[in-house]
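Working notes, structure below.
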Amino acid sequence: MKKVILLLTIFLFLFNLTPVWGQESVPELLETREDLLGTHYGLAVSNSQIATTQMLDGDTQRCVSKFDYDNGWSWQDFGAAKVPGTYYATMMGNNIVPDQMNDSSFIVAILDTLYHYDYYGNKSVFKIIDIPFETLPLDIRVSRVHNGMYIVTALAKNYSQTYVCVISSYKQEISSFVVNDRVWDADFDYNGNLIITREGPYGINSSVGTILQSLRLDGSVNWEKTFPDYASSHVSIGWNNRSLYFAGIRYGVDRMYYFGKELYADNGSELWSAEWDGGYDFFPSIDVREVLSLPYGLIIIGSATVQGQTNPNYCKPIIVRMNNPYGQGQVTAVYWFPYQGGFTNAEFGKDNQLFVTGGYRLNNQGHSAVFKFRIAGITTEVKELPGVPSNFELSQNYPNPFNPSTKINFSIPESNTVTIKVYDALGKEVATLVDKEMVAGNYSVDFDGSNLASGIYLYQLKVKDFVQSRKMVLIK
């Protein structure tokens, strides 16, 4: 019997390929930087550099700084904008992302304007966002799937509406629309639809209830899910099995819980979920500020009440790891920072490094810092975006031959009107797959030949003077 158990243990050890965090893999704090005054609230990490934005006082005066991995702070810009009364909205958002066209530059949102900062800290206007109502400062997110796009959101000052705008790296406005609620977070899914979390069904500016929506670029709804007991929610698009991760806070009878879910991006159906309350016996204070996705799981950054504390407002910065190692969601590691405070934003860097902004109190003194962690025992999937393609290209469809559908990939190095049409062997047009203005990037389109006869077909990409054709075979 012992031999059977031993063999079974060895088998599970060798063939369980799902990465799992044990307590030995809790993040290791490598470095804390406190070189600048002010509260760090925005964070962007490129392949070699980190940039942050800071709040210098309660009126959200902003500044920008940058340092590389090895040589400290390389430039600072204190050309700040003063926006009275927006402390809460600013601290909930993110206003800086890497420039997708240049790894050494960053895009920063200040008030209603996107600014470009080059390697040396020189600032220029990237784009002014024309918003039809008075708003709080802009938030900005970079597309993690479709290169060449940024998602910009602006919350109305009365918290009743959110302006959503998609901007290309070429400063073109791809789409814009208004959501009649507060939008907490936004991202793209694997095929270019928007995924947003917005205020839930209990009314404008309520603290309870969240709606998760998949939107087309014109703002129309693909699908939506309502979570009446969930609040302050965030979205992080997963990169395995076409899924997304959704995390936040769930309200219980006498306590609150962190929760994390993996959902199927095509329809929002749940794959797994996990919860964690730390074993509290009173109503704790929990705040989810950032969610990062890994293969087979997610990381939640925020703060939580310390177990045993009588003051529910006494929180510590925390990192919670959730995944699905054995067919059901589990919390597999929890990291507590030793002092009172909270983590605000997080991004992965190279070599399994995790960068986090946050604040803490020590000896009755407030500290704001950028923390660098190492994540041992797991390969982080750093979401590096591919560069803008240098050439037009129409790839061979796959599968080929096909029955009844196939996929066609193509690349365009500049923004222009793109058409892809399908012709039969006699040259008769049988389908138009694409006919619209598109920004530079790599794309994919599906072709369904269910209504066509077996045979050889020609598909053609046309952009300005560029024309390329390929053959495909439909066999039924």
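Before I look further, what does the range 386-476 give for accessible area per residue, probe 1.4 Å, in whole square angstrom?
Averaged over the residues of the range 386-476, the accessible area is 54 Å².
Under a point spin-label approximation (7 Å from Cα along Cα-to-Cβ), what is the Asn222-Asp103 distance to one decimal in nm?
3.0 nm
Quote the FRET efficiency, to the nearest 0.05, computed for Phe133 versus Leu37 with a Förster distance R0 of 25 Å and r equal to the Cβ-Cβ distance.
Efficiency, from the Cβ-Cβ distance: 0.15.
Using a Förster radius of 25 Å, what is the FRET efficiency between Asp465 and Ser405 based on their Cβ-Cβ separation? Nearest 0.05, please.
The computed FRET efficiency comes out at 0.25.
For a Förster distance of 56 Å, can you work out the FRET efficiency between the beta-carbons of Ser160 and Ala453, rounded to the nearest 0.05?
E(calc), rounded to 0.05, equals 0.55.
Suppose each label sits 7 Å from its Cα in the direction of the beta carbon; what would the Arg242-Gln76 distance come out to in nanometres?
4.9 nm
The values are calculated or read from the model by the stated rules, or taken from the named source; none is laboratory data. Keep in mind the model is a prediction, meaning the values are calculated, not measured. Please note: Cβ atoms are built from the backbone with ideal geometry, for glycine as well, and neighbour counts cover all protein chains shown. The accessibility values were calculated without ligands, DNA or RNA, using every heavy atom of the protein model including side chains. Shrake-Rupley method; radii C 1.70, N 1.55, O 1.52, S 1.80 Å.
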